[in-house]
């Protein structure tokens, strides 16, 4: 475990679990759901803040076509594949200081059709944490997406949320993303800061105009999408709220087609990686 610390903030980065943020505390208050609290409900996917690559969210039927060839991946979410291939794989530590960690995680091939690697840099600065990632390839150009899945605690007290976006991605009955969007309304209209209350969300917001804001009694946190981030997925349970910065829509490998750029799907090539970043700020 790598420990980053500055002033009253501390971050644990776990190389054994994909280089994920295993814990984040500010002023002694835990902001992330850690493995001990999550228990066995979801040993890989239900804690910390982990990277998702080379796809994000649900990939329909665990398969996609690229340049005339069909590619099949392990179905680990019913008949679908979810959250990529790096969240639980060992990462290689390339550099570490008291306030920075740089790690690299090979994307396993197979099952991914091409060799590739995820690199991440986690950097702690006064009042903020920035995570930057790249999906790199040294051989084959390939369609890729990159995102992160931080599990933020809802308590103590209910959290208020603001997502400055006018549209959400339309999903089917299995919550698989389509290529369509619709205007926010009712429970998905979070353009003004409001308590979550009974809202239960599993929605991808697109066209963001500013940071996502979470406010608890005595604490405010902003998630600022950075370079390469084209959507934010919000997943709300009784105990947690996940705000997931994404370089592409979920299911982008299936719904992108000739308009892949419109859903954020990138093509990583030798010397031209997909790069994305986000910053968490607190006050």
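Derivation of every value follows stated rules applied to the coordinates shown; laboratory data play no part. Because the structure is predicted, anything quoted here is derived from the model rather than measured. In this analysis, Cβ positions are derived from the backbone assuming ideal geometry, glycine residues included, and neighbour counts consider all displayed protein chains.
Annotations for the structure displayed:
- For the peptides 271-277, 108-114, the ranking by packing is 271-277, 108-114, with the highest mean count of neighbouring Cβ atoms within 10 Å listed first.
- Projected label distance in nm at residue 37 and residue 178, using a 7 Å step from Cα toward the beta-carbon: 3.7
- Residue 125 paired with residue 269, simple spin-label distance in nm, labels 7 Å along Cα-to-beta-carbon: 3.2
- Taking 0.36 nm per residue of separation and subtracting the Cα-Cα distance, full extension of the segment from residue 209 to residue 192 would add 4.9 nm.
- GNM result for the chain, Cα springs below 10 Å: residue of 117, 60, 174 fluctuating most strongly: 174
- Rounded to 0.05, the FRET efficiency of the residue 79 and residue 202 pair, given R0 = 22 Å and the Cβ-Cβ distance, is 0.80.
- Using the Cβ-Cβ distance between residue 65 and residue 6 with R0 set to 35 Å, the FRET efficiency works out to roughly 0.15.
- Springs join every pair of Cα atoms under 10 Å in this Gaussian network model of the chain, and among 132, 99, 37 the largest mean-square fluctuation is at 37.
- For the stretch 63-95, backbone nitrogen atoms closer than 18 Å to the point 7 Å from residue 104 Cα along Cα-to-C-beta are found at 86-87, 89-95.
- Using R0 = 30 Å, the C-beta based FRET efficiency linking residue 16 and residue 237 works out to 0.75.
- Of 61, 76, 166, the one that fluctuates the most in a GNM where the chain has Cα springs shorter than 10 Å: 76
- Helix-only CD estimate at 222 nm, as mean residue ellipticity for the chain, using -39500 (n - 2.57) per DSSP H run (n ≥ 4): -500 deg cm²/dmol
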